[in-house]
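Read the structure below first, then the notes.
The values are calculated or read from the model by the stated rules, or taken from the named source; none is laboratory data. On a predicted model such as this, the values are computed, not experimentally measured, just so you know. In this analysis, Cβ positions are derived from the backbone assuming ideal geometry, glycine residues included, and neighbour counts consider all displayed protein chains.
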Amino acid sequence: MTALVPLSLDVNDERVDAYVLPRLNLADFLREHLKLTGTHVGCEHGVCGACTVRINGEIVRSCLMLAVQTQNASVETIEGLSDGGEIADLQAAFRARNALQCGFCTPGMLMAAQDLLKQSSVPGREQIREHLSGNYCRCTGYQAIVDAVEATAQARVGRVP
Amino acid sequence: MKAAAFAYARATSVVNALELLAAHGDKAKVLSGGQSLMPAMNLRLISPELIVDIGELAELRGIVVGGNVLTIGALTRHVDLQKSPEITTHAPLLADAIAHVAHPAIRNRGTLGGSLAHADPASELPACMVALGATILVCGPGGERRIAAQQFFTGIYETALSPQELLVAVKFPVAQKGSVHFFHEFARRHGDYAIVGLAAQAILENDRFADLRLGFFAVGDRPLLAEVANKLIDVDVTPALLAEASAALSNELDPHEDQQASPAMRRHLARVLLTRCVSLLLSRPELGAGATA
């Protein structure tokens, strides 16, 4: 029974069919099988947030999900959000404010930040910090990240940051 | 690290899940949201031979209010509890606590049943169940069992569940007139496991506690319903009485030592939480003066 399991799902709006081992987690499936290496693998136990992806519209840790659990699901990775232009303004704000240095946490940060901006149009700084609390950054000290998210939120409602 | 190899079965019904558990016993592990099980497997703390995935059993999901009882299905996710008007109205303690359970991406997957079955002594929801006087509903080969939350948690990651049983729901009374609650925890980072925490549910009558249930967590091998609460019921709480209760609390706790805190620090923080809780619930700020963490 440790044999390969058939799997069908949507990844960034493309149908994917594969056979996977039950032990394969979603992050490794995306990176190793689909070569979508924007999803990063940091701690592999749900603490760092670098592997954050969207499943059926909600952010999750892809290191804490088995690939086989995504049967019939719709998975969106940072490649999907980036190529589709959904977060172009957020990415520009990250660049403008030096909200990244090494960039390892950035895909997860963008995923979590966009999730907040979809739920709350103009979140306060405390709310931003709380929503990003599950994403570690070891370079920036977070201040610039919070600045970038706050500026994007204000720009999206038409306020000049 | 990555999980060791295992076989995988997607349960098609509760009956099917019970059949799989009956056949494989303690070699199998139930997977619901996976937010506790997957880290443990990735860290190779456990290596089950079979994973029984109950994630698609819709009958285990949902929040129902009937009469004075709230019933929550085991597969109800943390985010469902957080967004539920029924929880906000009838179990405000749980609504407060959920905001402290991990982070948004984890609350989107983690389930109430999974958290309770995992029984981490530092996690919030087991302590809430103890404070709320919840009953845990469990299905097994012999039918259904109902276990009081206080009897359910038996040690670090240990519960009264047998390997053949499945946690299916929890029930507890809705908050009644005069109900007040308190939730607070100390943690290094918002959403991390608590260094020490307190989930408390009380009933006030004429500025006194008619009932007070104090569920401490991360102070021992399981959530603790503190007996010192009884000293504070049906009396006028004076600073001297609260100091006496606070001293007695220390003797009830059996905190562990780790890189975050010593047992002495955990005892101190628990006493601070007790004092803050009592002063806040009674709206008597003078009782909490000097309770600094």
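Side notes on the structure shown:
- In segment A:8-22, the residues that are within 9 Å of A:VAL75 (Cα to Cα) and either among the aromatic types (Phe, Trp, Tyr) or in a strand (DSSP E or B) (or both): A:LEU9, A:ASP10, A:VAL11
- Some residue of segment A:118-141 being surrounded by 18 or more Cβ atoms within 10 Å (Cβ to Cβ), charged (D, E, K, R) and closer than 15 Å to A:ARG156 by Cβ: no
- The number of residues in segment B:177-208 that are crowded, with 24+ Cβ neighbours inside 10 Å and among the aromatic types (Phe, Trp, Tyr) comes to 1.
- Within segment A:121-158, being away from chain B (no Cβ under 11 Å), free of Cβ contacts under 8 Å to residues at least 24 places away in the same chain, in a loop (DSSP other than H, G, I, E, B) and on the phi < 0 side of the Ramachandran plot holds for one residue alone: A:GLY124.
- From the options A:GLY42, A:GLY85, residue that is away from chain B (no Cβ under 14 Å) and either among the β-branched types (Val, Ile, Thr) or more than 18 Å from A:ILE145 (Cα to Cα) (or both): A:GLY85
- Any hit, segment B:150-166, residues being touching a Cys at 6+ places or on another chain (Cβ under 9 Å) and not β-branched (Val, Ile, Thr): yes
- Any hit, segment A:90-113, residues being within 14 Å of chain B (Cβ to nearest Cβ), more than 12 Å from the chain's Cα centre (by Cα) and within 30 Å of B:ASP53 (Cβ to Cβ): no
- Only residues that are touching a residue at least 24 places away in the same chain (Cβ under 8 Å) and either more than 11 Å from every other protein chain (Cβ to nearest Cβ) or among the β-branched types (Val, Ile, Thr) (or both) were counted across segment B:63-88, and they come to 16.
- Filtered residue count, segment B:3-19, keeping only those that are more than 7 Å from chain A (Cβ to nearest Cβ), of a type outside the set (Gly, Ala, Ser) and not in a helix (DSSP H, G or I): 2
- Flag for B:ILE51 being in contact with a Lys or Arg (Cβ under 9 Å, 6 or more places away or on another chain), at the interface with chain A (Cβ under 10 Å from one of its Cβ atoms) and in a helix (DSSP H, G or I): no
- Elements of type helices (runs of 4 or more DSSP H) in segment B:78-139, at least 1 residues being buried (at least 24 other Cβ atoms within 10 Å of the Cβ) and not basic (Lys, Arg): B:78-83, B:92-98, B:104-107, B:112-118, B:124-131
- Among the criteria (1) farther than 30 Å from B:SER36 by Cβ; (2) modelled with pLDDT of 95 or more, the one A:ALA113 does not fulfil is (1).
- Qualifying positions in segment B:18-39 - in contact (Cβ under 8 Å) with a residue 60 or more places away in the chain and either in the same structural domain as B:LEU116 (by TED's automatic domain parsing) or touching a helix residue (DSSP H, G or I) at 6+ places or on another chain (Cβ under 9 Å) (or both): B:ALA28, B:VAL30, B:SER32, B:GLY33, B:GLY34, B:GLN35, B:SER36, B:LEU37
- Meets criteria (part of a loop (DSSP other than H, G, I, E, B) and not aliphatic (A, V, I, L, M)) for B:GLY197: no
- Checking A:GLY108, A:GLY84, A:GLY103 one by one, the residue that is small (Gly, Ala, Ser), at pLDDT 95 or above and closer than 19 Å to B:ARG189 by Cβ is A:GLY108 and no other.
- Filter result for B:GLY34 (at positive phi and either at the interface with chain A (Cβ under 10 Å from one of its Cβ atoms) or outside any helix (DSSP H, G or I) (or both)): yes
- Against the list (1) surrounded by fewer than 22 Cβ atoms within 10 Å (Cβ to Cβ); (2) within 18 Å of the chain's Cα centre (by Cα); (3) closer than 23 Å to A:HIS45 by Cβ; (4) not β-branched (Val, Ile, Thr), the condition B:ARG44 fails is (2).
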